[in-house]
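Participant: Input: one structure, supplied below.
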Ligand SMILES: [Zn+2]
């Protein structure tokens, strides 16, 4: 599939679930910075700003009309950041022959995210026919917002994927050298990196080591691998990063050109229409602060604060955190643009290069295929 297919708005599969939205906080900060409230441009230092826009921005008027007539027609929207956001118009991960879903109630995402997952799995199958079914873990709850113990997984752009093992497994299984199917697992990681708009892959160091060695063995470009695995930066800002708790699965986060850009523009309109919760901040109360201090500071009413926290009286306690609904929606950030993919150098084909492989592939392409 050409990459342009990913960016086109495909209204297929738009889920028939109700318009349920998170009542969670959109912002978490002791010292609220409204401008940073909805973080839609987490561009890592590795990826310079992409020159090409990715999804055409809808007009505000067009969206307003759509919200009035048929909000479901907006398709899935990813609003806010993975750790503090919501998924609007969630779409369930479909069943398939090549994967098994761990918990269907927690595998809701955007069209783009689900498409990327399926594409990567299908790429592995095309390369290694007869692959065991991959375990697909949590994506998001149908209403977005906080999912179990996860800090992220709130906006339909995160997914936990199992590894390919030497035989099919029913659940996540710790990846060891003795049980991992390295060719397939590497093919999966490679497909995610080169064929989807992946942002991050969180993976335990031990599994990273196996994959890195395997990739070198099968002739992948060392420089590309070093950038990918953060060997120059000590892992900082790398696409593949070590995070504890990822020995039996990898956590993959995607960029969504359409769901993020449409979500950015639609969010204030959805709040106005009463279809999405307004933004909130959390505030830790210092001694001497009262409810009316807070209401003045955040431009809201004491009643709204009491309601948001289920307070029966006007008493608040120092040291405790309270949710403050804020009326003013942060000003719209810049249009969301997906950074370029981190692609390996073209394989060298000339005899000269073949004879002197160290001379070939000394630069890493950062760009789209
Ligand atoms: Zn995860």
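Participant: Any chance you could count how many residues in segment 193-211 are over 15 Å from residue 254 (Cβ atoms) and surrounded by fewer than 21 Cβ atoms within 10 Å (Cβ to Cβ)?
Facilitator: Adding up the residues that qualify gives 5.
Participant: Scan segment 132-154 residue by residue and report those that are at pLDDT 90 or above, buried (at least 22 other Cβ atoms within 10 Å of the Cβ) and more than 10 Å from the ligand (Cβ to nearest atom).
Facilitator: Scanning segment 132-154 gives 134, 135, 136, 140.
Participant: Does residue 242 satisfy the criteria of being within 16 Å of the ligand (Cβ to nearest atom) and more than 20 Å from residue 123 (Cα to Cα)? Walk me through how you get there before you give the answer.
Facilitator: On the way: within 16 Å of the ligand (Cβ to nearest atom): yes; more than 20 Å from residue 123 (Cα to Cα): yes.
Answer is yes for this residue.
Participant: Quick test of your reading of the structure: residue 121 fulfils all but one of (1) in a loop (DSSP other than H, G, I, E, B); (2) away from the ligand (no atom under 15 Å from the Cβ). Name the failing condition by number.
Facilitator: (1)
Participant: Identify, by number, the condition in (1) away from the ligand (no atom under 15 Å from the Cβ); (2) touching a strand residue (DSSP E or B) at 6+ places or on another chain (Cβ under 9 Å); (3) at pLDDT 95 or above; (4) under 17 Å from residue 240 (Cα atoms) that residue 225 doesn't meet.
Facilitator: Only one criterion is unmet by residue 225, namely (2).
Participant: Would you confirm whether or not segment 78-89 contains a residue that is at pLDDT below 95, within 13 Å of the ligand (Cβ to nearest atom) and assigned to a loop (DSSP other than H, G, I, E, B)?
Facilitator: yes
The values are calculated or read from the model by the stated rules, or taken from the named source; none is laboratory data. Source: prediction; values computed, not measured. Backbone-built Cβ (ideal geometry, glycine too); neighbour counts: all protein chains shown.
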